[in-house]
Amino acid sequence: MKIRLVDVAHARSGDKGDTANVGLIALKPEWYPVLEKYVTRDAVAKHFEGAIDGPVTRYELPNLNALNFLLHGALDGGGTLSLKTDAQGKVFSTALLRMSIDVPDAEAEAAGLPRVK
Amino acid sequence: MKEIVRVASGQGFWGDSLEAPRQQVEGGEVDYLMLDYLAEVTMSILQKQRERDPSMGYARDFVGAIESVLPAITQRGVKVIANAGGVNPPACAAAIRGLDGSSGLRIAVVTGDDLLGRLDELIDHGHSLANMETGEPLASIRERVLSANAYIGSVPIVEGLEKGANVVITGRSTDTALTMAPLRHEFGWKENEWDKLAAGIIAGHIIECGAQCSGGNCLYDWQNIPNMANVGYPIAEANPDGSFVITKHPGTGGRINVPSVSEQLVYEMGDPHEYITPDVVADFTSIRLEQDGTDRVRVFGIKGRPATDKLKVSIAYRSGFKAVGTLVYSWPDAVEKAQAADRILRERLDRLGLRFDQILTELVGVSATHGVLAPVNAESVNEVQLRIGVRGENRRDVERFTREIAPLVLNGPPSVTGFAGGRPKVEEIVAYWPALIDKSVVTTRVEIV
(Lines give C-alpha, C1' and ligand atoms only; values in the text may rest on other atoms or scores of the structure.)
Protein backbone atom coordinates (compact mmCIF):
# COMPACT_ATOMS: atom_id res chain seq x y z
CA MET A 1 0.00 0.00 0.00
CA LYS A 2 1.29 3.46 -0.87
CA ILE A 3 1.44 5.79 2.10
CA ARG A 4 2.00 9.52 1.67
CA LEU A 5 4.13 11.02 4.42
CA VAL A 6 1.89 14.09 4.47
CA ASP A 7 -0.90 11.83 5.78
CA VAL A 8 1.11 10.23 8.59
CA ALA A 9 3.65 12.82 9.73
CA HIS A 10 4.31 16.48 10.37
CA ALA A 11 7.68 18.18 10.03
CA ARG A 12 9.83 21.25 10.61
CA SER A 13 13.06 22.18 8.91
CA GLY A 14 15.92 24.59 9.44
CA ASP A 15 19.50 25.19 8.38
CA LYS A 16 23.09 24.92 9.46
CA GLY A 17 25.35 26.42 6.82
CA ASP A 18 24.72 24.67 3.51
CA THR A 19 22.85 21.81 5.21
CA ALA A 20 19.08 21.70 5.66
CA ASN A 21 17.67 19.59 8.47
CA VAL A 22 14.20 18.08 8.38
CA GLY A 23 12.65 16.69 11.53
CA LEU A 24 9.88 14.25 10.57
CA ILE A 25 7.41 13.50 13.38
CA ALA A 26 4.79 10.73 13.32
CA LEU A 27 1.23 12.06 13.71
CA LYS A 28 0.51 9.10 16.03
CA PRO A 29 3.10 7.33 18.20
CA GLU A 30 2.06 3.93 16.78
CA TRP A 31 3.04 5.11 13.29
CA TYR A 32 6.63 5.90 14.26
CA PRO A 33 7.97 2.33 13.78
CA VAL A 34 6.66 2.37 10.20
CA LEU A 35 8.49 5.63 9.52
CA GLU A 36 11.66 4.27 11.09
CA LYS A 37 11.46 1.15 8.92
CA TYR A 38 10.54 2.66 5.56
CA VAL A 39 11.71 6.30 5.53
CA THR A 40 15.31 5.21 5.21
CA ARG A 41 18.33 7.36 4.50
CA ASP A 42 18.54 5.91 0.99
CA ALA A 43 14.85 6.45 0.27
CA VAL A 44 15.11 10.09 1.32
CA ALA A 45 18.30 10.58 -0.72
CA LYS A 46 16.44 9.21 -3.75
CA HIS A 47 13.46 11.47 -3.06
CA PHE A 48 15.69 14.57 -3.04
CA GLU A 49 17.71 13.48 -6.09
CA GLY A 50 18.38 16.53 -8.27
CA ALA A 51 17.33 18.91 -5.49
CA ILE A 52 20.41 18.63 -3.26
CA ASP A 53 24.12 18.26 -4.04
CA GLY A 54 25.34 16.24 -1.06
CA PRO A 55 24.58 13.10 0.92
CA VAL A 56 21.79 12.50 3.45
CA THR A 57 22.26 11.55 7.12
CA ARG A 58 19.50 10.10 9.32
CA TYR A 59 19.16 10.09 13.11
CA GLU A 60 16.42 8.37 15.10
CA LEU A 61 14.58 9.94 18.04
CA PRO A 62 12.06 7.30 19.15
CA ASN A 63 11.51 9.37 22.31
CA LEU A 64 9.92 12.09 20.15
CA ASN A 65 8.51 9.67 17.52
CA ALA A 66 10.76 11.54 15.15
CA LEU A 67 13.49 11.10 12.56
CA ASN A 68 16.00 13.84 11.82
CA PHE A 69 17.43 14.10 8.32
CA LEU A 70 20.41 16.22 7.36
CA LEU A 71 20.37 17.15 3.69
CA HIS A 72 23.87 18.28 2.81
CA GLY A 73 24.53 20.72 -0.01
CA ALA A 74 20.88 21.71 -0.10
CA LEU A 75 21.01 25.49 0.15
CA ASP A 76 23.23 26.91 -2.64
CA GLY A 77 25.94 27.70 -0.10
CA GLY A 78 23.47 28.57 2.64
CA GLY A 79 22.90 31.65 4.78
CA THR A 80 23.72 34.93 3.09
CA LEU A 81 25.51 33.31 0.13
CA SER A 82 22.44 31.50 -1.12
CA LEU A 83 20.39 32.90 -4.00
CA LYS A 84 17.48 30.60 -3.23
CA THR A 85 14.05 31.82 -2.10
CA ASP A 86 14.34 29.24 0.67
CA ALA A 87 17.92 30.10 1.59
CA GLN A 88 17.44 28.82 5.14
CA GLY A 89 15.70 25.59 4.27
CA LYS A 90 12.48 26.55 6.03
CA VAL A 91 10.21 24.55 3.71
CA PHE A 92 12.33 21.48 3.01
CA SER A 93 10.01 20.03 5.65
CA THR A 94 7.05 20.03 3.30
CA ALA A 95 9.24 18.85 0.41
CA LEU A 96 9.92 15.68 2.41
CA LEU A 97 6.19 15.29 3.13
CA ARG A 98 5.66 14.91 -0.64
CA MET A 99 7.36 11.53 -0.39
CA SER A 100 5.44 8.23 -0.48
CA ILE A 101 6.50 4.90 1.02
CA ASP A 102 5.43 1.38 0.10
CA VAL A 103 4.16 -0.48 3.15
CA PRO A 104 2.85 -4.10 2.92
CA ASP A 105 -0.95 -4.06 3.28
CA ALA A 106 -1.05 -6.21 6.40
CA GLU A 107 1.51 -4.02 8.15
CA ALA A 108 -0.25 -0.81 7.14
CA GLU A 109 -3.61 -2.11 8.34
CA ALA A 110 -2.14 -3.36 11.63
CA ALA A 111 -0.72 0.10 12.30
CA GLY A 112 -3.97 1.77 11.23
CA LEU A 113 -2.26 3.85 8.54
CA PRO A 114 -4.57 5.99 6.39
CA ARG A 115 -4.93 4.97 2.74
CA VAL A 116 -4.14 7.51 0.03
CA LYS A 117 -7.33 9.45 -0.60
CA MET B 1 15.50 28.18 47.18
CA LYS B 2 12.48 28.72 44.95
CA GLU B 3 10.54 25.60 43.99
CA ILE B 4 9.54 26.97 40.59
CA VAL B 5 11.33 29.52 38.43
CA ARG B 6 9.52 30.96 35.43
CA VAL B 7 11.55 32.14 32.45
CA ALA B 8 9.49 33.89 29.78
CA SER B 9 10.64 34.26 26.19
CA GLY B 10 9.86 37.68 24.75
CA GLN B 11 11.90 37.79 21.55
CA GLY B 12 12.94 35.03 19.15
CA PHE B 13 15.18 37.12 16.91
CA TRP B 14 15.98 40.75 16.16
CA GLY B 15 12.83 41.90 14.42
CA ASP B 16 10.35 39.82 16.40
CA SER B 17 7.13 41.27 17.87
CA LEU B 18 7.64 44.58 19.67
CA GLU B 19 4.67 43.83 21.94
CA ALA B 20 5.80 40.42 23.19
CA PRO B 21 8.20 41.53 25.98
CA ARG B 22 5.54 43.66 27.67
CA GLN B 23 2.83 41.04 27.21
CA GLN B 24 5.09 38.44 28.82
CA VAL B 25 5.63 40.44 32.01
CA GLU B 26 2.06 41.73 32.26
CA GLY B 27 0.14 38.56 31.36
CA GLY B 28 0.92 36.65 34.55
CA GLU B 29 3.63 35.68 36.95
CA VAL B 30 7.20 35.46 35.58
CA ASP B 31 10.60 35.67 37.26
CA TYR B 32 12.82 36.25 34.23
CA LEU B 33 12.29 37.74 30.81
CA MET B 34 14.63 36.23 28.23
CA LEU B 35 15.24 38.10 24.99
CA ASP B 36 17.21 36.51 22.16
CA TYR B 37 18.29 38.98 19.46
CA LEU B 38 21.23 37.36 17.72
CA ALA B 39 21.53 35.16 14.67
CA GLU B 40 24.64 34.37 12.67
CA VAL B 41 24.01 37.20 10.23
CA THR B 42 23.06 39.73 12.90
CA MET B 43 26.57 40.10 14.31
CA SER B 44 28.00 41.29 11.00
CA ILE B 45 25.18 43.79 10.49
CA LEU B 46 25.87 45.16 13.96
CA GLN B 47 29.59 45.30 13.24
CA LYS B 48 28.94 47.41 10.12
CA GLN B 49 26.80 49.75 12.22
CA ARG B 50 29.55 50.12 14.80
CA GLU B 51 32.07 50.94 12.05
CA ARG B 52 29.86 53.85 10.97
CA ASP B 53 29.11 54.99 14.54
CA PRO B 54 31.15 53.77 17.55
CA SER B 55 28.13 54.20 19.84
CA MET B 56 26.14 51.62 17.84
CA GLY B 57 26.49 47.89 17.23
CA TYR B 58 23.77 46.52 19.51
CA ALA B 59 20.10 45.55 19.00
CA ARG B 60 18.33 48.93 19.16
CA ASP B 61 14.93 47.25 19.68
CA PHE B 62 16.10 46.26 23.15
CA VAL B 63 15.92 49.86 24.37
CA GLY B 64 12.21 50.01 23.56
CA ALA B 65 11.71 46.56 25.06
CA ILE B 66 13.26 47.64 28.38
CA GLU B 67 11.21 50.82 28.36
CA SER B 68 8.05 48.74 27.95
CA VAL B 69 8.89 46.46 30.89
CA LEU B 70 10.51 48.99 33.26
CA PRO B 71 7.71 48.92 35.85
CA ALA B 72 7.85 45.10 36.00
CA ILE B 73 11.59 45.21 36.66
CA THR B 74 11.66 47.98 39.21
CA GLN B 75 8.35 47.29 41.00
CA ARG B 76 7.82 43.54 40.69
CA GLY B 77 11.38 42.27 40.58
CA VAL B 78 11.32 40.68 37.12
CA LYS B 79 14.85 40.27 35.79
CA VAL B 80 15.82 40.59 32.14
CA ILE B 81 18.50 38.60 30.34
CA ALA B 82 19.33 39.45 26.75
CA ASN B 83 22.09 39.03 24.19
CA ALA B 84 21.11 42.44 22.84
CA GLY B 85 24.65 43.76 23.32
CA GLY B 86 25.69 42.41 19.92
CA VAL B 87 29.22 43.64 19.19
CA ASN B 88 28.96 46.54 21.66
CA PRO B 89 27.40 45.54 25.02
CA PRO B 90 28.73 48.62 26.90
CA ALA B 91 27.02 50.96 24.40
CA CYS B 92 23.82 48.96 24.80
CA ALA B 93 24.00 49.41 28.58
CA ALA B 94 24.66 53.13 28.15
CA ALA B 95 21.54 53.45 26.00
CA ILE B 96 19.48 51.72 28.71
CA ARG B 97 20.96 54.04 31.31
CA GLY B 98 19.77 56.95 29.21
CA LEU B 99 16.12 55.96 29.69
CA ASP B 100 13.92 57.94 32.08
CA GLY B 101 13.32 55.88 35.19
CA SER B 102 16.37 53.66 34.72
CA SER B 103 17.76 54.50 38.18
CA GLY B 104 16.16 51.33 39.57
CA LEU B 105 18.12 49.17 37.17
CA ARG B 106 21.26 47.31 38.13
CA ILE B 107 22.80 46.40 34.79
CA ALA B 108 25.45 43.73 34.33
CA VAL B 109 27.44 43.86 31.11
CA VAL B 110 29.18 40.72 29.86
CA THR B 111 32.15 41.20 27.54
CA GLY B 112 35.06 39.11 26.32
CA ASP B 113 33.35 37.21 23.52
CA ASP B 114 34.58 39.70 20.90
CA LEU B 115 37.78 38.30 19.36
CA LEU B 116 38.08 40.68 16.39
CA GLY B 117 40.90 42.73 17.92
CA ARG B 118 42.76 39.57 18.95
CA LEU B 119 42.62 37.62 15.70
CA ASP B 120 46.20 38.22 14.56
CA GLU B 121 47.57 37.44 18.00
CA LEU B 122 45.49 34.22 18.11
CA ILE B 123 46.62 33.14 14.63
CA ASP B 124 50.25 33.93 15.58
CA HIS B 125 49.86 31.70 18.63
CA GLY B 126 48.83 28.77 16.50
CA HIS B 127 45.04 29.04 16.67
CA SER B 128 44.20 28.47 13.01
CA LEU B 129 40.45 29.09 13.47
CA ALA B 130 39.95 26.68 10.58
CA ASN B 131 36.52 26.56 8.99
CA MET B 132 34.60 23.72 10.67
CA GLU B 133 33.02 22.70 7.36
CA THR B 134 35.92 23.05 4.90
CA GLY B 135 39.03 22.87 7.12
CA GLU B 136 40.48 26.00 5.50
CA PRO B 137 42.55 28.18 7.87
CA LEU B 138 41.20 31.63 8.69
CA ALA B 139 44.39 33.19 7.32
CA SER B 140 43.02 32.65 3.79
CA ILE B 141 40.27 35.24 4.36
CA ARG B 142 41.80 37.19 7.25
CA GLU B 143 41.72 40.62 5.57
CA ARG B 144 38.02 40.24 4.73
CA VAL B 145 36.87 39.50 8.31
CA LEU B 146 34.21 41.87 9.70
CA SER B 147 33.47 40.32 13.09
CA ALA B 148 34.60 37.37 15.21
CA ASN B 149 32.82 36.32 18.38
CA ALA B 150 33.09 33.29 20.61
CA TYR B 151 29.80 31.74 21.69
CA ILE B 152 29.93 32.04 25.47
CA GLY B 153 27.86 30.12 27.98
CA SER B 154 26.00 30.59 31.24
CA VAL B 155 28.91 31.33 33.62
CA PRO B 156 29.21 35.13 33.16
CA ILE B 157 25.41 35.54 33.19
CA VAL B 158 25.22 33.67 36.51
CA GLU B 159 28.00 35.92 37.79
CA GLY B 160 25.99 39.01 36.81
CA LEU B 161 22.94 37.69 38.67
CA GLU B 162 25.07 36.89 41.70
CA LYS B 163 26.23 40.49 41.69
CA GLY B 164 22.60 41.53 42.05
CA ALA B 165 21.88 42.62 38.49
CA ASN B 166 18.28 42.87 37.35
CA VAL B 167 19.30 43.36 33.73
CA VAL B 168 22.07 41.25 32.18
CA ILE B 169 23.32 42.27 28.75
CA THR B 170 25.63 39.98 26.80
CA GLY B 171 27.18 39.93 23.36
CA ARG B 172 27.43 36.59 21.53
CA SER B 173 26.09 34.46 24.31
CA THR B 174 24.47 31.23 23.12
CA ASP B 175 20.72 31.57 22.82
CA THR B 176 20.18 28.67 25.18
CA ALA B 177 22.44 30.02 27.96
CA LEU B 178 20.09 32.98 28.37
CA THR B 179 17.49 30.57 29.78
CA MET B 180 19.77 28.07 31.49
CA ALA B 181 21.78 30.69 33.43
CA PRO B 182 18.93 32.00 35.60
CA LEU B 183 17.89 28.40 36.45
CA ARG B 184 21.47 27.55 37.38
CA HIS B 185 21.62 30.70 39.49
CA GLU B 186 18.31 30.13 41.27
CA PHE B 187 18.71 26.40 41.87
CA GLY B 188 22.44 26.44 42.56
CA TRP B 189 23.19 23.80 39.92
CA LYS B 190 26.87 22.92 39.98
CA GLU B 191 29.12 22.95 36.93
CA ASN B 192 29.17 19.14 36.78
CA GLU B 193 25.45 18.52 37.23
CA TRP B 194 25.29 17.63 33.56
CA ASP B 195 21.71 16.38 33.43
CA LYS B 196 20.34 19.54 35.04
CA LEU B 197 22.48 21.84 32.92
CA ALA B 198 21.35 19.93 29.81
CA ALA B 199 17.73 20.32 30.92
CA GLY B 200 18.23 24.08 31.23
CA ILE B 201 19.76 24.17 27.75
CA ILE B 202 16.84 22.24 26.26
CA ALA B 203 14.34 24.55 27.99
CA GLY B 204 16.28 27.34 26.30
CA HIS B 205 16.16 25.63 22.91
CA ILE B 206 12.39 25.24 23.16
CA ILE B 207 11.65 28.88 24.03
CA GLU B 208 14.50 30.70 22.24
CA CYS B 209 12.51 31.08 19.01
CA GLY B 210 9.62 32.79 20.76
CA ALA B 211 6.19 31.67 19.56
CA GLN B 212 7.64 28.98 17.30
CA CYS B 213 6.88 26.45 20.07
CA SER B 214 3.49 27.85 21.03
CA GLY B 215 1.61 27.65 17.75
CA GLY B 216 3.68 29.84 15.43
CA ASN B 217 4.91 28.15 12.25
CA CYS B 218 3.30 24.97 13.55
CA LEU B 219 2.29 22.58 10.77
CA TYR B 220 0.42 20.15 13.04
CA ASP B 221 -3.31 20.96 12.81
CA TRP B 222 -2.42 24.53 11.88
CA GLN B 223 -5.91 25.50 10.70
CA ASN B 224 -7.35 24.93 14.18
CA ILE B 225 -4.76 26.68 16.34
CA PRO B 226 -6.86 29.35 18.09
CA ASN B 227 -6.47 33.12 18.24
CA MET B 228 -3.12 33.44 16.51
CA ALA B 229 -3.54 37.23 16.36
CA ASN B 230 -2.89 37.26 20.10
CA VAL B 231 -0.44 34.36 20.18
CA GLY B 232 1.06 33.71 23.59
CA TYR B 233 4.84 33.53 23.82
CA PRO B 234 6.27 30.59 25.78
CA ILE B 235 7.27 30.33 29.41
CA ALA B 236 9.47 27.63 30.94
CA GLU B 237 8.34 26.77 34.47
CA ALA B 238 11.37 24.98 35.83
CA ASN B 239 11.92 22.82 38.91
CA PRO B 240 15.15 22.33 40.86
CA ASP B 241 15.48 18.72 39.57
CA GLY B 242 15.71 19.91 35.96
CA SER B 243 12.22 18.98 34.84
CA PHE B 244 10.11 21.80 33.47
CA VAL B 245 6.77 22.68 31.92
CA ILE B 246 6.41 24.74 28.75
CA THR B 247 3.32 26.91 28.97
CA LYS B 248 1.99 30.40 28.19
CA HIS B 249 -0.17 33.02 29.89
CA PRO B 250 -3.91 32.34 30.24
CA GLY B 251 -6.17 34.07 27.74
CA THR B 252 -3.53 34.20 25.01
CA GLY B 253 -3.82 32.51 21.62
CA GLY B 254 -1.74 29.81 20.03
CA ARG B 255 -1.34 26.30 21.35
CA ILE B 256 1.21 24.39 23.38
CA ASN B 257 1.00 20.64 22.96
CA VAL B 258 3.36 17.72 22.40
CA PRO B 259 3.34 18.24 18.59
CA SER B 260 4.07 22.00 18.81
CA VAL B 261 6.96 21.44 21.22
CA SER B 262 8.26 18.49 19.18
CA GLU B 263 8.39 20.64 16.05
CA GLN B 264 10.52 23.21 17.86
CA LEU B 265 12.78 20.53 19.32
CA VAL B 266 13.75 19.24 15.86
CA TYR B 267 14.25 22.75 14.46
CA GLU B 268 17.86 23.29 13.28
CA MET B 269 18.81 19.96 14.80
CA GLY B 270 22.10 18.28 13.94
CA ASP B 271 23.18 15.06 15.66
CA PRO B 272 20.57 14.73 18.42
CA HIS B 273 22.94 12.70 20.61
CA GLU B 274 25.25 15.65 21.02
CA TYR B 275 23.94 19.17 21.16
CA ILE B 276 27.19 20.88 22.07
CA THR B 277 27.16 24.05 24.18
CA PRO B 278 29.88 25.80 26.20
CA ASP B 279 28.37 24.41 29.44
CA VAL B 280 27.30 20.87 28.62
CA VAL B 281 26.62 18.38 25.81
CA ALA B 282 22.87 17.73 25.81
CA ASP B 283 21.29 14.52 24.51
CA PHE B 284 18.05 15.17 22.64
CA THR B 285 17.30 11.44 22.45
CA SER B 286 16.71 11.48 26.23
CA ILE B 287 13.93 14.09 26.20
CA ARG B 288 10.50 12.93 27.37
CA LEU B 289 7.35 14.97 26.66
CA GLU B 290 3.93 14.67 28.27
CA GLN B 291 0.77 16.75 28.02
CA ASP B 292 0.13 18.24 31.46
CA GLY B 293 -3.20 20.00 30.97
CA THR B 294 -4.25 22.57 28.40
CA ASP B 295 -1.31 24.47 26.89
CA ARG B 296 1.11 22.75 29.23
CA VAL B 297 3.77 20.24 28.19
CA ARG B 298 5.96 18.62 30.80
CA VAL B 299 9.57 17.93 29.75
CA PHE B 300 11.68 15.52 31.77
CA GLY B 301 14.26 12.71 31.71
CA ILE B 302 16.97 14.83 30.08
CA LYS B 303 20.56 13.60 30.10
CA GLY B 304 23.75 15.59 29.62
CA ARG B 305 27.47 14.91 29.36
CA PRO B 306 30.59 16.94 30.17
CA ALA B 307 31.25 19.96 28.00
CA THR B 308 34.13 19.98 25.51
CA ASP B 309 37.24 22.15 25.94
CA LYS B 310 36.37 24.27 22.87
CA LEU B 311 34.13 27.19 22.13
CA LYS B 312 32.53 27.79 18.78
CA VAL B 313 33.50 31.05 17.10
CA SER B 314 31.23 32.87 14.71
CA ILE B 315 33.22 34.82 12.13
CA ALA B 316 31.67 37.06 9.49
CA TYR B 317 33.58 38.05 6.36
CA ARG B 318 33.00 39.87 3.08
CA SER B 319 32.40 37.39 0.29
CA GLY B 320 31.47 39.16 -2.96
CA PHE B 321 28.17 40.51 -4.17
CA LYS B 322 24.74 39.36 -5.20
CA ALA B 323 21.52 40.67 -6.73
CA VAL B 324 18.12 39.15 -7.43
CA GLY B 325 15.67 40.35 -10.08
CA THR B 326 12.06 39.33 -10.68
CA LEU B 327 9.42 39.63 -13.40
CA VAL B 328 5.89 38.20 -13.58
CA TYR B 329 4.52 36.39 -16.67
CA SER B 330 0.82 35.61 -17.16
CA TRP B 331 -1.37 33.00 -18.83
CA PRO B 332 -1.38 31.68 -21.51
CA ASP B 333 1.91 29.80 -21.52
CA ALA B 334 3.10 31.64 -18.41
CA VAL B 335 5.72 29.04 -17.54
CA GLU B 336 7.01 28.84 -21.12
CA LYS B 337 7.33 32.63 -21.33
CA ALA B 338 9.25 32.81 -18.07
CA GLN B 339 11.59 30.06 -19.24
CA ALA B 340 12.14 31.86 -22.55
CA ALA B 341 12.94 35.11 -20.72
CA ASP B 342 15.44 33.23 -18.57
CA ARG B 343 17.20 31.81 -21.65
CA ILE B 344 17.29 35.21 -23.35
CA LEU B 345 18.66 36.95 -20.26
CA ARG B 346 21.38 34.35 -19.73
CA GLU B 347 22.44 34.68 -23.37
CA ARG B 348 22.68 38.46 -23.00
CA LEU B 349 24.75 38.17 -19.80
CA ASP B 350 27.02 35.83 -21.71
CA ARG B 351 27.36 38.20 -24.68
CA LEU B 352 28.28 40.99 -22.28
CA GLY B 353 31.12 38.81 -20.98
CA LEU B 354 29.90 39.04 -17.37
CA ARG B 355 31.30 36.50 -14.93
CA PHE B 356 29.42 35.05 -11.98
CA ASP B 357 30.08 32.22 -9.55
CA GLN B 358 26.40 31.36 -9.65
CA ILE B 359 23.28 32.21 -11.64
CA LEU B 360 20.13 30.73 -10.13
CA THR B 361 16.70 30.76 -11.75
CA GLU B 362 13.50 29.95 -9.89
CA LEU B 363 9.88 30.01 -11.01
CA VAL B 364 7.98 31.26 -7.98
CA GLY B 365 4.52 29.71 -7.96
CA VAL B 366 5.77 26.60 -9.71
CA SER B 367 8.99 25.18 -8.35
CA ALA B 368 10.91 27.75 -6.29
CA THR B 369 10.70 25.98 -2.95
CA HIS B 370 10.39 22.31 -3.89
CA GLY B 371 12.34 22.39 -7.16
CA VAL B 372 12.24 19.19 -9.18
CA LEU B 373 10.10 17.50 -6.51
CA ALA B 374 7.05 19.63 -7.39
CA PRO B 375 4.76 18.41 -10.19
CA VAL B 376 4.03 21.12 -12.75
CA ASN B 377 0.72 21.43 -14.55
CA ALA B 378 1.86 24.25 -16.81
CA GLU B 379 -1.55 24.91 -18.42
CA SER B 380 -3.21 25.66 -15.08
CA VAL B 381 -0.61 28.21 -13.98
CA ASN B 382 -2.17 31.66 -14.20
CA GLU B 383 0.97 33.60 -13.49
CA VAL B 384 4.51 32.84 -12.51
CA GLN B 385 7.25 34.99 -11.06
CA LEU B 386 10.59 34.58 -12.79
CA ARG B 387 13.26 35.10 -10.15
CA ILE B 388 16.89 35.24 -11.24
CA GLY B 389 19.81 35.76 -8.89
CA VAL B 390 23.54 36.17 -9.56
CA ARG B 391 26.51 35.98 -7.23
CA GLY B 392 30.12 36.95 -7.95
CA GLU B 393 33.31 38.57 -6.70
CA ASN B 394 33.09 41.46 -9.14
CA ARG B 395 30.71 44.22 -8.09
CA ARG B 396 30.61 45.76 -11.58
CA ASP B 397 29.38 42.54 -13.16
CA VAL B 398 26.63 42.15 -10.58
CA GLU B 399 25.70 45.83 -11.07
CA ARG B 400 25.50 45.31 -14.84
CA PHE B 401 23.17 42.34 -14.34
CA THR B 402 20.71 44.57 -12.50
CA ARG B 403 20.40 46.71 -15.67
CA GLU B 404 19.41 43.74 -17.82
CA ILE B 405 16.10 42.89 -16.14
CA ALA B 406 13.95 45.90 -17.04
CA PRO B 407 14.72 45.83 -20.78
CA LEU B 408 13.08 42.39 -20.95
CA VAL B 409 9.71 44.06 -20.34
CA LEU B 410 9.85 45.64 -23.82
CA ASN B 411 12.35 43.46 -25.64
CA GLY B 412 11.54 39.98 -24.34
CA PRO B 413 8.61 37.51 -24.24
CA PRO B 414 5.05 38.93 -23.91
CA SER B 415 2.48 39.26 -21.08
CA VAL B 416 5.03 40.49 -18.59
CA THR B 417 4.41 42.74 -15.59
CA GLY B 418 5.36 43.22 -11.95
CA PHE B 419 8.39 45.44 -12.34
CA ALA B 420 7.11 48.18 -10.04
CA GLY B 421 9.84 47.56 -7.49
CA GLY B 422 12.51 49.08 -9.73
CA ARG B 423 15.99 47.85 -10.51
CA PRO B 424 17.37 45.09 -8.25
CA LYS B 425 19.74 46.21 -5.51
CA VAL B 426 23.34 45.01 -5.37
CA GLU B 427 24.05 43.55 -1.96
CA GLU B 428 27.43 42.87 -0.44
CA ILE B 429 27.56 39.30 0.87
CA VAL B 430 28.70 38.85 4.44
CA ALA B 431 29.36 35.16 4.79
CA TYR B 432 29.67 33.04 7.89
CA TRP B 433 32.80 31.15 8.94
CA PRO B 434 32.29 28.73 11.84
CA ALA B 435 35.42 27.77 13.78
CA LEU B 436 36.50 26.36 17.14
CA ILE B 437 38.87 27.80 19.71
CA ASP B 438 40.32 26.57 23.00
CA LYS B 439 38.14 27.65 25.90
CA SER B 440 41.21 28.70 27.86
CA VAL B 441 41.98 31.67 25.60
CA VAL B 442 38.57 33.30 25.99
CA THR B 443 38.11 35.28 29.21
CA THR B 444 34.77 36.87 29.94
CA ARG B 445 34.27 39.89 32.17
CA VAL B 446 31.19 40.99 34.06
CA GLU B 447 30.76 44.60 35.08
CA ILE B 448 27.92 46.29 36.90
CA VAL B 449 27.27 49.68 35.31
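The values are calculated or read from the model by the stated rules, or taken from the named source; none is laboratory data. Remember, predicted model here, so these are calculated numbers, not experimental data. All Cβ positions, even for glycine, are placed from backbone atoms using ideal geometry, and neighbour counts span all protein chains on display.
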Might you check whether a residue that is among the acidic types (Asp, Glu), outside any helix (DSSP H, G or I), buried (at least 17 other Cβ atoms within 10 Å of the Cβ) and more than 14 Å from every other protein chain (Cβ to nearest Cβ) occurs anywhere in region B:37-54?
no
For B:Val297, are the conditions met, namely being buried (at least 20 other Cβ atoms within 10 Å of the Cβ) and free of Cβ contacts under 8 Å to residues at least 12 places away in the same chain?
no
Picked from region B:371-403 (must be free of Cβ contacts under 8 Å to residues at least 60 places away in the same chain and in a strand (DSSP E or B)), the residue nearest to A:Thr85 (Cα to Cα) is B:Gln385
When you check B:Glu428 against the structure, is it facing chain A (nearest Cβ under 10 Å), under 33 Å from the mean Cα position of the chain (by Cα) and either in a helix (DSSP H, G or I) or touching a residue at least 60 places away in the same chain (Cβ under 8 Å) (or both), yes or no?
yes
Restricting attention to region B:351-365, does a residue exist that is out of contact with any Asp or Glu (no Cβ under 9 Å at 6 or more places or on another chain), among the β-branched types (Val, Ile, Thr) and surrounded by 14 or more Cβ atoms within 10 Å (Cβ to Cβ)?
yes
Going through region B:364-385 in order, the residues found to be under 27 Å from A:Gly78 (Cα atoms), more than 12 Å from chain A (Cβ to nearest Cβ) and in contact with a helix residue (DSSP H, G or I) (Cβ under 6 Å, 6 or more places away or on another chain) are B:Val384
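Conditions tested, residue by residue: (1) of a type in the set (Ser, Thr, Tyr); (2) within 20 Å of B:Pro156 (Cβ to Cβ); (3) buried (at least 18 other Cβ atoms within 10 Å of the Cβ); (4) at pLDDT 95 or above.
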| site | (1), (2), (3), (4) |
| --- | --- |
| B:Ala20 | no, no, yes, yes |
| B:Val25 | no, no, yes, yes |
| B:Arg60 | no, no, no, yes |
| B:Gly85 | no, yes, yes, yes |
| B:Gly101 | no, no, no, no |
Identify, by number, the condition in (1) touching a Phe, Trp or Tyr at 6+ places or on another chain (Cβ under 7 Å); (2) loosely packed, with under 14 Cβ neighbours inside 10 Å; (3) closer than 24 Å to A:Gln88 by Cβ that B:Val372 doesn't meet.
(1)
For a quick check of your reading of the model, give me the residue pairs whose first member lies in region A:17-28 and is within 8 Å of another protein chain (Cβ to nearest Cβ), whose second is of a type in the set (D, E, K, R), with beta-carbon atoms closer than 6 Å and at least 6 apart or on different chains.
A:Gly17/B:Glu133; A:Gly23/A:Arg12
Could you tell me whether region B:280-294 includes any residue that is assigned to a loop (DSSP other than H, G, I, E, B), crowded, with 20+ Cβ neighbours inside 10 Å and touching a Ser or Thr at 6+ places or on another chain (Cβ under 6 Å)?
no
Scanning for something facing another protein chain (nearest Cβ under 7 Å) and assigned to a helix (DSSP H, G or I), does region A:69-85 turn up at least one residue?
no
